[in-house]
Structures are given as structure tokens and as C-alpha cells.
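Right, one structure below, let's go through it.
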Amino acid sequence: MFGKLALVSFLIAGGLVVADTNPNAPKTVETALTKAYIPLGFDDNDRIQIAVAGTFKNTCYKVGPHALKVDTENKTITVQQQAYLYNGVCLQMFVPYSEIVDVGIIPNGNYKVVDALSGATLAELPVNQGSNPGPDDFTYAPVSDAYVVTDPETKKHVLAISGSFGDRCSDFEDIKVNVSNDVIIVQPVLERKTDISCAPEKVRFLKTIELNNDLKHGMYMLHVRSLNGQAVNKLVDLE
């Protein structure tokens with residue numbers, strides 16, 4: 001006998017599942033992904049992050065959790081995206097959504113990124129063999145945020161990156177920008193100066209750079225490498 005409990009727990013397949021007693025709780029349903037954004041230049045010792053996107057058919061769907069399966073033998077990365085489906089009045093309109101997916105460190109090879117629901121291949125992810133035992137080919141600036149703005153008069157796109165150096169010896173050597181397959185890849189290369197004092201100190205920075213005018217209107221993934229290995233990733237809609 002379980003007794004008169006409001007919530008009854010069952011042990012199923014080694015996991016704890018709690019019976020749902022909330023009548024207003026949404027259903028969890030699987031939803032199809034239609035696009036993947038793949039930054040190029042990952043090695044087999046990099047923490048790999050990609051973006052996936054889709055469209056809900058009405059406003060009763062909200063983004064839910066996602067699951068990832070990496071098959072290193074068959075070189076596939078299958079992404080299962082779930083949504084919360086609510087009851088009530090739904091506006092019949094398309095609602096785009098996106099997720100940043102943390103793939104992690106995987107062996108080198110050419111992988112297919114596959115949507116779990118439809119079985120469709122969304123993109124290909126090439127993973128190169130690392131050229132050195134270090135985490136990156138460059139030492140990157142400690143970027144904590146990044147965004148793209150459009151000058152209303154010139155219509156030019158300007159990239160802004162911000163963060164904090166850990167001392168006054170650090171500065172930017174170069175900011176490399178490469179655009180490929182709807183992904184803006186930014187490598188903010190760090191320079192260390194040895195002719196000044198390197199006492200620990202928090203030094204904030206805000207750096208801007210004008211992007212190439214050849215960028216077309218539409219959605220891009222902004223992927224900015226950072227010193228701590230956690231890249232800044234977000235989708236930006238360029239006007």
C-alpha cells in the first residue's frame with residue numbers, strides 16, 4: 001500500500017518518475033528541427049557547440065528540453081527536440097525557435113547532424129584532428145557577451161564583443177572574422193605584453209568591428225571563441 005499521498009512515485013527502469021497531479025501542466029511532445037548551424041574549425045580536442053532551429057505552428061508550443069545521441073562509429077549526431085504543448089487559446093501563427101546544443105568533445109571525422117523526429121540530415125559537421133595537445137590554436141580573449149547591431153543610417157553591421165581581462169598585460173592582437181554557412185565565426189586573439197606590470201586586475205573591454213557588407217539579410221549563428229572554452233553562441237537576425 002502506498003498510503004494517501006498527493007504524489008505517488010514509481011521506480012521505473014532505474015529512474016524516479018513522479019506522477020503528475022497538475023491539471024494545468026503542459027504535455028511534452030517531440031517536435032521537428034529544420035535547420036542546424038555549424039561553426040567550422042572544430043578539432044577533436046575542442047568543446048563543440050552548434051545551434052538548431054525549427055518552427056512551431058501556433059503559440060501553444062514552447063521550447064522544451066533536448067536530447068543528444070552521438071554515434072562515433074556511424075558518424076551521426078542525432079538531436080531530439082521536445083516542446084511543451086499548453087492547453088488554451090492558441091494563435092495560429094508560425095513561431096520560430098532555436099537551441100544551442102553542447103555536443104562536447106568527440107573524435108575526428110565528418111558527422112551528419114540528424115533530426116530525431118523526421119530522420120532528415122540537417123547539416124554536416126567536420127571535426128579535424130588537433131594539431132597540438134593544447135585546447136586551441138590561439139589564446140582567445142575572455143569574451144562574456146557579443147552581439148551585432150545595424151547602423152540605421154549606413155545599414156552597416158557592427159559586431160561588438162565585451163568582457164574583462166584579468167590584468168593589464170592583456171590586449172587584442174587580432175579579431176578574426178569568418179562567415180560560412182550562415183555562421184559568423186569570431187576568433188578574438190589575445191596578445192600578452194611583457195613590458196608592463198602584470199599584476200592581477202579586472203580590466204573591462206568593449207571592442208567593435210565592422211562586418212563585411214556582403215552579409216545578406218536573414219538569420220545567422222554568432223559563434224565567438226572565448227578564453228574559458230565556453231564560446232558565446234546566439235542567433236542574430238540581420239536586417
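Some points to look at:
- One residue alone among 16, 7, 33 is assigned to a strand (DSSP E or B) and either at pLDDT below 90 or not assigned by TED's automatic domain parsing to the domain that holds residue 228 (or both), and that residue is 16.
- Here residue 209 clears all of (1) β-branched (Val, Ile, Thr); (2) modelled with pLDDT of 95 or more; (3) touching a Leu at 6+ places or on another chain (Cβ under 8 Å) except the condition numbered (2).
- Here residue 58 clears all of (1) assigned to a loop (DSSP other than H, G, I, E, B); (2) at pLDDT below 95 except the condition numbered (2).
- Flag for residue 146 being closer than 21 Å to residue 216 by Cβ and in contact with a strand residue (DSSP E or B) (Cβ under 7 Å, 6 or more places away or on another chain): yes
- Among residues of the stretch 160-174, those that are surrounded by 14 or more Cβ atoms within 10 Å (Cβ to Cβ) and within 23 Å of the chain's Cα centre (by Cα), counted: 4
- Every pair of residues 6+ apart whose Cβ atoms lie under 6 Å, when the first sits in the stretch 210-226 and is farther than 18 Å from residue 146 by Cα while the second is not polar (S, T, N, Q): 217/238
- Every residue from the stretch 87-100 that is loosely packed, with under 15 Cβ neighbours inside 10 Å and touching a residue at least 40 places away in the same chain (Cβ under 8 Å): 87, 96
- Only residues that are closer than 15 Å to residue 121 by Cβ and not β-branched (Val, Ile, Thr) were counted in the stretch 18-52, giving 5.
- Scanning the stretch 212-233 for residues that are at pLDDT below 95 and in a strand (DSSP E or B) turns up 218, 219.
- Matching option when the condition is assigned to a strand (DSSP E or B) and either of a type in the set (D, E, K, R) or touching a helix residue (DSSP H, G or I) at 6+ places or on another chain (Cβ under 6 Å) (or both), among 153, 201: 201
- When each of 103, 177, 186 is tested for being in the same structural domain as residue 56 (by TED's automatic domain parsing), assigned to a strand (DSSP E or B) and surrounded by 15 or more Cβ atoms within 10 Å (Cβ to Cβ), the lone residue that passes is 103.
- The set of residues in the stretch 94-111 that are more than 17 Å from the chain's Cα centre (by Cα) and over 20 Å from residue 28 (Cα atoms) comprises 107, 108, 109, 110, 111.
The values are calculated or read from the model by the stated rules, or taken from the named source; none is laboratory data. Not measured: the values here are computed from a predicted model. Methodologically, a virtual Cβ is constructed for each residue, glycine included, from the backbone with ideal geometry; neighbour enumeration extends over all protein chains shown.
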